[in-house]
Amino acid sequence: MSDKIIIVDFEDSFTFNIANVLYPYEKNVRVVEHELFFQSMLSEVLQSKEKIAVILGPGPGHPDDYHRYYKGIESLRENTNCFVMGICLGHQILGKISGHQVLRSKTPMHGQAVDVVFKGSIVQVQRYNSLAVFIDGRESDIIEFKRGVSYQFHPESIGTHYNDIFFADLLAFIRS
């Protein structure tokens with residue numbers, strides 16, 4: 001498989017912004033519609049000996065609307081050759097799979113800047129959401145896990161400062 005980064009498109013225009021942020025760092029980026037990915041490409045990705053990053057992109061709806069993909073996503077997370085990233089809806093799907101609640105956000109917003117703590121620094125990011133992942137009763141903007149990370153905010157947004165730092169672990173993984 002020649003793709004190094006696959007962005008799973010859940011029918012959201014921001015998906016192509018993610019690809020555009022990544023192209024300067026990695027040319028083998030492919031955007032794939034969610035049904036095509038899970039019906040046709042998932043087994044190829046899981047069998048690949050190459051390191052591959054899969055980004056579960058933003059999109060409409062509730063994570064439970066995509067429950068048919070949960071088992072496949074769990075397989076990606078277990079695969080040592082895969083790095084899994086979630087953005088917005090992708091974050092919520094990964095949160096749900098991890099056993100966390102996904103509920104209406106206490107502060108729904110669309111295109112507003114908020115500060116988050118990332119790797120010890122406060123960084124301004126752009127949030128677009130009405131739902132949120134709740135861990136121990138608190139909304140979680142970032143979930144880090146083995147070979148992956150997920151963000152409630154949009155790291156690719158023009159309103160997110162230093163957006164390349166949010167993709168650094170993904171890029172390091174596929175280059176290792």
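A compact table of results
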{"read-out": "Whole-number percent relative contact order across the chain, with pairs defined as alpha carbons under 8 Å at least 6 apart", "value": "20"}
{"read-out": "Full-stretch length increase - D164, E33 - with 0.36 nm per residue and alpha-carbon distance subtracted", "value": "44.8 nm"}
{"read-out": "Of all accessible heavy-atom area on segment 1-100, the percent that carbon and sulfur account for (1.4 Å)", "value": "45"}
{"read-out": "Once exposed loop GluC sites (Glu not before Pro) are cut out (DSSP; at most 14 other Cβ, 10 Å), longest piece of the chain", "value": "51-176"}
{"read-out": "Distance between segment 101-176 and segment 59-90 - C-alpha centres, whole angstrom", "value": "16"}
{"read-out": "Built amide H within the under 5 Å cut-off of F10, gap 5+", "value": "G57"}
{"read-out": "GNM top mover of V116, V149, V125 - the chain, alpha-carbon springs below 10 Å", "value": "V116"}
{"read-out": "Probe 1.4 Å, accessible area per residue of the chain, Å²", "value": "47"}
{"read-out": "Of K51/K96; K51/K146; K4/K27, those spanning more than 19 Å from alpha-carbon to alpha-carbon", "value": "K51/K96"}
{"read-out": "In Å, descending, principal axis extents of the Cα set of the chain", "value": "41, 33, 28"}
{"read-out": "R104 versus R175: modelled label distance in nm, points set 7 Å from Cα along the beta carbon direction", "value": "4.4"}
{"read-out": "Additional length obtainable on full extension of the chain from E11 to D65, 0.36 nm per residue less Cα span", "value": "18.1 nm"}
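The values are calculated or read from the model by the stated rules, or taken from the named source; none is laboratory data. Remember, it's a predicted structure, so these values are computed and weren't measured experimentally. Positions of Cβ are backbone-derived with ideal geometry, glycine not excepted, and every protein chain shown enters the neighbour counts. What goes into the accessible areas is simple: the full protein's heavy atoms, side chains included, and nothing from ligands, DNA or RNA. Shrake-Rupley method; radii C 1.70, N 1.55, O 1.52, S 1.80 Å.
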